[in-house]
Amino acid sequence: MARPPEPAKSSLRQRLAARAAERWPQLSGITVRWHGEFAYIAGQLSGGTTLPLMRLRYAGSAATWGFAIYRASHDDYDTSVLPSGYPAGTPQEALDCACGLDLGDTTAWLDPPPPTN
């Protein structure tokens, strides 16, 4: 798959930042770094700690991304499924899954983000 265009990158950053501010007060910010078709997402904790969360894979749409969870035990990313059962979804859904695991709040999976256009 091709690298995401700038509008898709910008959309991803905006969607993740908005969802983090709305749902994850433990995070003081979100960082996104790029390598080819992959976006590596980390959360910034209020104490200054960086928490690797997930890797998203561009699949041709700014609204749907492939999902891989960060595994601290292996220091890698493992292709995973979201709570919906699908291997791809919205950036907000992916953030809720990763933060639900890493921040210990799986209730996020019961409150999916509203669809965005």
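The values are calculated or read from the model by the stated rules, or taken from the named source; none is laboratory data. Worth saying up front: this structure is predicted, and the values here are computed from it rather than measured. Cβ coordinates were reconstructed from backbone atoms using ideal geometry, including for glycine residues, and neighbour counts include every protein chain displayed.
Might you let me know whether the range 71-79 holds any residue that is more than 15 Å from the chain's Cα centre (by Cα), surrounded by fewer than 16 Cβ atoms within 10 Å (Cβ to Cβ) and among the hydrophobic types (A, V, I, L, M, F, W, C)? Within the range 71-79, one or more residues are more than 15 Å from the chain's Cα centre (by Cα), surrounded by fewer than 16 Cβ atoms within 10 Å (Cβ to Cβ) and among the hydrophobic types (A, V, I, L, M, F, W, C). For Tyr70, the conditions (1) hydroxyl-bearing (Ser, Thr, Tyr); (2) closer than 17 Å to Ala108 by Cα; (3) touching an Asp or Glu at 6+ places or on another chain (Cβ under 8 Å) all hold with the exception of (2). Among the residues of the range 6-22, the ones that are under 21 Å from Thr49 (Cβ atoms) and surrounded by 18 or more Cβ atoms within 10 Å (Cβ to Cβ) come to 3 in all.
For (1) at pLDDT below 95; (2) over 12 Å from Leu12 (Cβ atoms), each residue gets a yes or a no:
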| position | (1), (2) |
| --- | --- |
| Leu51 | no, yes |
| Ala62 | yes, no |
| Asp78 | no, yes |
| Ser84 | yes, yes |
| Gln92 | no, no |
| Leu101 | yes, yes |
| Asp111 | yes, yes |
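Among the residues of the range 34-60, those that are within 14 Å of the chain's Cα centre (by Cα), within 19 Å of Ala20 (Cβ to Cβ) and not polar (S, T, N, Q) comprise Trp34, Ala39, Tyr40, Ile41, Ala42, Gly43, Leu51, Pro52, Leu53, Met54, Arg55, Leu56. On the given criteria, is Ala63 under 17 Å from Arg23 (Cβ atoms) and among the aliphatic types (A, V, I, L, M)? The answer is no for Ala63. Tyr86 fulfils the conditions (1) surrounded by 14 or more Cβ atoms within 10 Å (Cβ to Cβ); (2) farther than 23 Å from Glu6 by Cβ except for a single criterion, (1). Cβ separations smaller than 8 Å between residues 6+ apart or across chains give the following pairs from the range 28-45 residues that are over 13 Å from Arg13 (Cβ atoms) to residues that are surrounded by fewer than 17 Cβ atoms within 10 Å (Cβ to Cβ) and among the basic types (Lys, Arg): Gly36/Arg3; Glu37/Arg3.
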